[in-house]
1. For the range B:153-183, how many residues meet the condition of being surrounded by 20 or more Cβ atoms within 10 Å (Cβ to Cβ) and among the β-branched types (Val, Ile, Thr)?
2. Criterion first (surrounded by 16 or more Cβ atoms within 10 Å (Cβ to Cβ), modelled with pLDDT under 75 and within 17 Å of the chain's Cα centre (by Cα)) does B:Phe73 satisfy it?
3. Could you tell me which of the residues B:Val203, B:Val216 is within 11 Å of chain A (Cβ to nearest Cβ) and touching an Asp or Glu at 6+ places or on another chain (Cβ under 9 Å)?
4. Looking only at the range B:1-55, count every residue that is under 17 Å from the mean Cα position of the chain (by Cα), small (Gly, Ala, Ser) and within 26 Å of A:Ala83 (Cβ to Cβ) and tell me the total.
5. Is it true that some residue in the range B:184-198 is among the aromatic types (Phe, Trp, Tyr), within 30 Å of A:Gly226 (Cβ to Cβ) and more than 10 Å from every other protein chain (Cβ to nearest Cβ)?
6. For B:Thr184, state whether it is outside any loop (DSSP other than H, G, I, E, B), modelled with pLDDT under 85, among the hydroxyl-bearing types (Ser, Thr, Tyr) and out of contact with any strand residue (DSSP E or B) (no Cβ under 8 Å at 6 or more places or on another chain).
7. Considering only the range B:25-60, how many residues are touching a Gly at 6+ places or on another chain (Cβ under 7 Å), modelled with pLDDT of 90 or more and within 14 Å of another protein chain (Cβ to nearest Cβ)?
8. Return a yes/no flag: does the range B:248-265 have any residue that is crowded, with 17+ Cβ neighbours inside 10 Å and within 14 Å of another protein chain (Cβ to nearest Cβ).
Amino acid sequence: MDRKFFNLGLTLVIVFLFFLLVVWIGGNVLGIERLQTGERPVLRFVFVAVGIVLALAVYWFTKENKAWEVGTREVVYMAIGAALYAVFSYLFNGTVFVVPSVSQVALRPAICIPMFFGYAFGPVVGFFTGAVGNMVGDALTGFGVYPQWSVGNGLIGLIAGMAMLFPDKKKSLNTVLIIGAVLTAIATLFYFLFRNTPNTLFFDVANNIFGDQPISVLAGLSIVVGFILVVIVRFAFGANIDVAAAVTWGMLGNLIGLGFAAISDIWINGYPPAVAIVGEFLPSAGPNLIFAAILVPILVVAYAALQRQTGR
Amino acid sequence: MLVTWRYRKRRSLIQSFDPRAWIIFYLCYLGTVISIWDLRALLVVFAVALLVVLTSGIPWREMRRAWLFIGGFVVYFSFFTFLTGRGGVEFYQQEHVIRNLVAPFTIFGWQPVLHITVERSFYALSMLVRVFCLASMTILIPYSFDPALYGITFRRLGLPDKIAYAMDLTMRFVPTYGRDFQITMDAQRARGYELEKLSGGLVSQVRKLAPLIVPVTIQAIAGSEDIIDAMDLRAFGVKPRTWVEELHYKARDRVLIVAGAAVFVATLALSYLGLFQFWVPASLLSLPLL
């Protein structure tokens, strides 16, 4: 197992280095323009490799932990999570049911699934739920495949599941909250510096185009709203440590996973960093945080009731 | 209870290949379509998609709903971008007018004008073809991929046993949960729940989605106990797995894989060299600028 794992990691690193070299030599040394800017579909796969290497690195450093074990139960939960995530993201993407959007904040309720599955059943289940669920969901909708966003979604579940790596749930929470606060602050700072950046994810129904209007105040600050909600839930439900931990770890996963995907678009789509963060990261991560704060606790409480009932 | 995709054994081009070969070909095909914007080249891949669809042997009445959904989606995306002309701004700077349609009326002093330009028309057409190719190849998969072969296919594509089996279960669960969602929604509607009339602020709107999401999720988890028991009783994951079905590549499968991969790599290389970019016929560029 270890050998196989090592080989896989090595292969991914080599693939990554190879593409990095191609882009660097071709783009900077030889000055081939097509390797410097604009859409570069090949790089998607590079970032898929980077994301998987990140996930493997987390595993490598904590592989003694029981949270990484995959038994029958985990295999079934992986499949359930991925299928649910796919179905929900297909149903709520705006073509089947028109889910209302409030001032450019598109509602994407499906995101609570990878967070919850990651938290409740561990990082492996979380990663599979996010990555495969997003892929199948995109395929159902006919949007095409954006593998780096799938891996980003996988990271959401993985990080939500990292709560299991810590024996004392309470201790880790404050660190996670502080990291989340720093990331939120950085993203908000970007928003105030580049307020006129278009919101690339907002689908303007009147003009029927993505990324036309400058980002609205609510969309820009939704991440702050979401973060405050998370903090409220953390302290209001401090007694029920499961709710608090699920929400905080879900928040961190959301920030890092989507941050990864958005930042990779700096190279893949040639977006300037400001557009990647303000135009892509904020309008996707902000509303997701709001869902994390509201729907994940409901799921955690409902699951706890189910566990009591069935004794599992 | 599981609901299944509408797979049936048929004599067709798509089902004459090994599912592994078809999955690899499908991925190469997606990659090829994504890297092309040139309408002339798109027509070639379009012909491939059309050939596969028409030889699939799936009767119209079985696929009607899927096609209507995709049709709506495709038309929505390409036709409305055509009307507003905002979609392709990354691809062209100048627009050449074929005709300006000026509305014979004004709304509050604003007179709607529809600029039909060469670039917009060709962008809309390219978009139409691209989305059609991607969507049609994708929806054929559940109709033509034998559910009994899901697991072994992913296993033989190189995934570990457990992950392959999880992929198998994922594909099987999707239609089931779609049905469960529908049932839950009907049940909640019978109790007076109205998805169409979500009111209130952001937070209360989000909370009102819980009656749909939570029951479906929790029921899925509760129902999984049976599946887990069944798998445990068969000693799942104790030893390397054996599979009832076997897959063997035939010559035609190898040809399909090599052809798909070669076309994909060639397209990618050529697109890096500047080919397959957005194209309009040169003869139409003499029209007046917008």
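The values are calculated or read from the model by the stated rules, or taken from the named source; none is laboratory data. This is a predicted model, so every value here is computed, not measured. Cβ atoms come from the backbone with ideal geometry, glycine included; neighbour counts cover every protein chain shown.
1. 3
2. Criteria met by B:Phe73.
3. Result of the check over B:Val203, B:Val216: B:Val216.
4. Adding up the residues that qualify gives 1.
5. yes
6. So B:Thr184 fails the test.
7. Selection size over the range B:25-60: 2.
8. Keep residues of the range B:248-265 that are crowded, with 17+ Cβ neighbours inside 10 Å, which gives B:253, B:256-257, B:260, B:263-264.
Filter once more, so that each one left must be within 14 Å of another protein chain (Cβ to nearest Cβ): B:264.
Within the range B:248-265 (the criterion being crowded, with 17+ Cβ neighbours inside 10 Å and within 14 Å of another protein chain (Cβ to nearest Cβ)), the answer is yes, since at least one residue qualifies.
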